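Taking it in order: structure first as structure tokens, then the write-up.
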């Protein structure tokens, strides 16, 4: 049950407010004194404070300033008469969530309060996850020794503390969302909300309502108001993954919102302001999408203020051992089963092209834990498509063999080409001498 504090020097208004709110299921405390309200705010926790703008002694502005200065976690609605609307607007700029004109109507009052609590719910859920997200997605968890990634790290540091729009590009699975989180949690926005929108998972017909929200009765089924993500991410970062999936007609509206920092909810005649930082990402070539008429050129230029391009895993294979160790530690925290991967598996990892990039590599490691593999991940523990990956014998013939289908032939041919020198054969195969001896023993047992 939400707890509300009502403050107004008019006893009739306080009583009327309290009655309406209690009947609607809220817990209510009230006072006619601004000074007493300050004491109540010091001692008690309130989800919402409704306060009259104009009161003798301590007025609504002073109460609002007290709440903000002391970082008291309560939303604020200002009550105001027609003659003080401009002051109420100033209160909104100072941190009030909304204002209500007196005399107020019951339906309008309850609708605005519901809207405030919807906003508060989103804020609370995001802030509750903040510490966990910050721990899991801090800058240090972006692992690489690749020179291209070092340049990415440098750019993250530069953009973390400003509000410029950022476009992250790269193939699927390269870590675009991780980079967005690193930007958010390593800069001035770290204490604010981080909202993620996967544009591929939202029905194209619903993207507009998700971004901008809608008013009650705006369309069939709109029985209540819905706050859009631009509003609910106020003061934080909104990450739009796969932005190329947004329909062209919505791109026009989104572009205007980016340029003007305001938008119109569906079914509304009024514009609303927002101040969220936008980070967008795509695995598509937006220049090609523009040529096809599927993405607006003006929106591309607006998004591409700062661009961060992520290399695919096949171009940073020196990072594979680092990433494997990272994922082993990650999954060993809950199930301490696996210590390492075998030399053969590393050879497969180096030879494989990784179309799914880092995500595919992580899934490979997670799969081994799910299958209850113990101590060492071996070739037979890999997904079937990885068991048939080919690697090249390290000699001038450049012959390629299938690991699964021709492992015996590969080993025997290597021994023949090395004139029976097992150490040389192991080096040609790119495996350790111990692994070669183990494989020879397995071959002998099969004969």
Quiz item: Given a Förster distance of 45 angstrom, what is the FRET efficiency for residue 273 paired with residue 434, based on the Cβ-Cβ distance and rounded to 0.05?
Solution: 0.10
Practice problem: Pairs of Cα atoms under 8 Å, at least six residues apart: use those to get the relative contact order of segment 315-387, whole percent. | Solution: 40
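Can you figure out the FRET efficiency of residue 359 with residue 107, using R₀ = 56 Å and their beta-carbon distance, to the nearest 0.05?
0.70
Taking 30 Å as R0, compute the FRET efficiency from the Cβ-Cβ separation of residue 367 and residue 318 and round it to 0.05.
FRET efficiency, residue 367 to residue 318: 0.80.
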Exercise. Nearest 5 is fine: what % of DSSP beta bridges in the chain come out antiparallel, could you say?
Key: 15
Practice problem: With both partners inside segment 3-122, how many of the DSSP beta bridges are antiparallel, as a percent to the nearest 5? | Solution: 0
Quiz item: Is it possible to state the helix-based mean residue ellipticity at 222 nm for the chain, with each DSSP H run of 4+ residues giving -39500 (n - 2.57), the sum divided by total residues, to the nearest 500 deg cm²/dmol? What is it?
Solution: -14000 deg cm²/dmol
Exercise. Once you have a ≥ b ≥ c as the square roots of the Cα gyration tensor eigenvalues for segment 1-87, tell me rounded if a/c is under 1.5, and otherwise prolate or oblate according to whether a/b is larger than b/c.
Key: oblate
Practice problem: For residue 291 paired with residue 65, estimate the spin-label separation in nm (one decimal), with each label point 7 Å from Cα along the Cα-to-Cβ line. | Solution: 6.0
Self-check item: Chain lengthening between residue 252 and residue 165 when straightened (0.36 nm per residue, less Cα-Cα)
Solution: 29.7 nm
Quiz item: How high is the relative contact order of segment 208-253, in percent, with contacts defined as C-alpha pairs under 8 Å that are six or more residues apart?
Solution: 29
Self-check item: Average Cα contact separation per residue, the chain, under 8 Å, 6 or more apart, as relative contact order %
Solution: 11
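Every number here is computed from the coordinates shown, using simple stated rules; none is lab data. All figures in this text were calculated on a predicted structure; none of them were measured in a lab. Here the Cβ is made from the backbone with ideal geometry for all residues, glycine too, and neighbour counts use every protein chain on show.
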